[in-house]
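What follows draws every value from the coordinates through simple rules; no lab data is involved. From a predicted model like this one, the values you see are computed outputs, not experimental measurements.
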Amino acid sequence: MTKNILFTQNVKRYQGEYIAVVKNRVVASGKSAKEAVQLAKKILSPQKKIEGIYYVPQKKDLLTALCVFHSFVQRLVSPSS
């Protein structure tokens, strides 16, 4: 199931990084998911839990994903015999 997240801040500056989110706010970021989690755990109090780890794609990643998706849909719509 996909969950839509409404961020209370602009995540554009985190392009190409993983972000740790608590209450729709970015609390930490890193080049890997593990790095983002480790940093968030250092920052957060033990009572607060990380609600999600997300990858913020770069513009070039979005274009690649769009091309792959378009190709996939084309094959569904016009399957070869």
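For Ala28, the residues whose modelled amide H falls within less than 5 Å of its own, excluding neighbours fewer than 5 places apart on the same chain, are Ala20. Pairs exceeding a 19 Å alpha-carbon distance, out of Lys31/Lys59; Lys31/Lys60; Lys12/Lys41; Lys23/Lys48: Lys12/Lys41.
What the phi angles of the stretch 13-24 give under the Karplus curve with 6.51, -1.76 and 1.60, with θ = phi - 60°, is a coupling list of 5, 9, 4, x, 10, 9, 10, 9, 10, 9, 6, 6 Hz, glycine and proline written as x. Net length available on complete extension from Ile43 to Arg25 is 5.2 nm, with 0.36 nm assigned per residue and the Cα-Cα distance removed.
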